[in-house]
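Worksheet for the structure shown next.
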Amino acid sequence: MTASATSSDQVGTPTEGRQRLHARDLQLAYGDRVVVDGLDFDVVHGTITAVIGPNGCGKSTLLRALGRLLQPQRGSVLLDGKRIHKMSTKEVAKVLGVLPQAPVAPEGLTVADLVARGRHPHQSWYRQWSSDDEAAVAEALAMTGISDLADRTLDELSGGQRQRAWLSMALAQGTDLLLLDEPTTYLDLSHQVDVLELVGRLHDESGRTVVMVLHDLNLAARYADRLVAMRDGAIVAEGEPGEVLTEELLAEVFELNARVIADPVAGTPMVVPIGGRRGADVDQSD
């Protein structure tokens with residue numbers, strides 16, 4: 001990359017290295033507490049990437065920076081070759097959908113109104129609400145199986161129903177790049193599988209690029225093309241699930257005694273814990 005290209009806001013092209021989104025030398029912090037320091041990260045176009053790691057390792061912090069929700073103290077995030085923090089909110093929202101970990105909505109907002117907010121990036125003074133917007137909202141509600149909840153307020157919903165409503169809003173944006181921070185939070189197992197099956201269909205049918213933070217290692221291995229394992233604010237391994245999910249990595253990153261076997265259904269790596277946290281004292285009392 002030339003010096004002149006580096007100094008410009010336009011520092012690449014959407015197809016360069018097939019990277020839609022990439023970060024260089026990121027330092028991320030909350031106040032004086034540095035969470036991530038010197039991290040490089042690439043999102044490969046047309047893939048589903050799951051970021052895994054123990055609590056507090058910086059997974060969600062990284063996703064917030066990639067989604068322009070957190071300003072880096074150092075380094076840069078590039079979206080289709082542009083520095084994302086110099087782009088307008090509307091410009092970013094037209095190509096990048098973000099589902100944060102703990103989204104908040106105004107009291108009394110209905111599901112339909114929430115999902116309709118996903119269409120705001122496509123509105124302007126000369127282009128108001130249209131039949132295309134109406135169709136996008138209806139399709140997003142149908143995709144997540146909550147069409148029957150459209151007129152209910154978010155306050156009336158269970159945690160799992162609310163999570164699917166927020167996912168519907170992200171889908172209604174119609175972007176081909178999605179960042180999902182723990183999209184299966186609050187969901188029972190069957191709905192976790194439903195959401196991840198939906199993510200898989202979005203990828204298979206329309207080539208959407210997805211990055212998601214997941215805690216369930218077996219679901220991450222089954223539904224992601226790539227895994228990125230983090231610990232203490234750094235990436236310690238990345239690649240295909242079979243390359244990343246090893247017994248050695250589980251011990252190093254999660255301090256977990258486990259065996260890795262083939263999933264009998266999908267053939268992907270499956271983690272089978274065989275004891276408590278490695279190195280932890282085991283309480284033998286009742």
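Numbers at a glance
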{"quantity": "Rounded, prolate or oblate (a/c below 1.5 giving rounded, otherwise prolate when a/b exceeds b/c) for region 138-228 by Cα gyration tensor", "calculated": "oblate"}
{"quantity": "Accessible surface of Glu134 - all protein chains present, 1.4 Å probe, nearest 10 Å²", "calculated": "110 Å²"}
{"quantity": "Amide H partners (placed H, <5 Å) of Ile48, local residues excluded", "calculated": "Val210, Asp225, Arg226"}
{"quantity": "Tyr223, Tyr186, Tyr30, reordered so the largest accessible area comes first (probe 1.4 Å)", "calculated": "Tyr186, Tyr30, Tyr223"}
{"quantity": "Computed lengthening from Ser147 to Thr246, 0.36 nm per intervening residue step minus Cα-Cα distance", "calculated": "31.6 nm"}
{"quantity": "Long-range HN-HN contacts of Leu99 with modeled amide H, under 5 Å", "calculated": "Leu179, Leu180, Asp181"}
{"quantity": "Average accessible surface area per residue within region 18-122, 1.4 Å rolling probe, Å²", "calculated": "42 Å²"}
{"quantity": "Two-decimal ratio, the chain, of alpha-carbon radius of gyration to 2.2 N^0.38 Å", "calculated": "1.05"}
{"quantity": "Pairwise FRET efficiency - Tyr30 versus Val236, Cβ, R0 = 25 Å, nearest 0.05", "calculated": "0.70"}
{"quantity": "Among beta bridges that DSSP assigns inside the chain, antiparallel share in %, nearest 5", "calculated": "65 percent"}
{"quantity": "Sum of -39500 (n - 2.57) over DSSP H runs of 4+, divided by residues of the chain (222 nm, nearest 500)", "calculated": "-8500 deg cm²/dmol"}
{"quantity": "Candidate aspartates and glutamates - alpha carbon under 14 Å from Lys94, same-chain residues fewer than 8 apart omitted", "calculated": "Asp80, Asp133, Asp176"}
{"quantity": "Accessible surface of the chain, 1.4 Å probe, proportion on carbon and sulfur as whole %", "calculated": "49 percent"}
{"quantity": "Solvent-accessible area per residue for region 143-286 (1.4 angstrom probe, square angstrom)", "calculated": "48 Å²"}
{"quantity": "Which of Ser60, Ser168 is most accessible, then next, and so on - probe 1.4 Å", "calculated": "Ser60, Ser168"}
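The values are calculated or read from the model by the stated rules, or taken from the named source; none is laboratory data. Since the structure is predicted, the reported quantities are computational estimates derived from the model, not experimental observations. Virtual Cβ from ideal backbone geometry, glycine too; neighbours counted across all protein chains shown. Heavy atoms of the whole protein, side chains included, go into the accessibility calculation; ligands, DNA and RNA do not. Shrake-Rupley method; radii C 1.70, N 1.55, O 1.52, S 1.80 Å.
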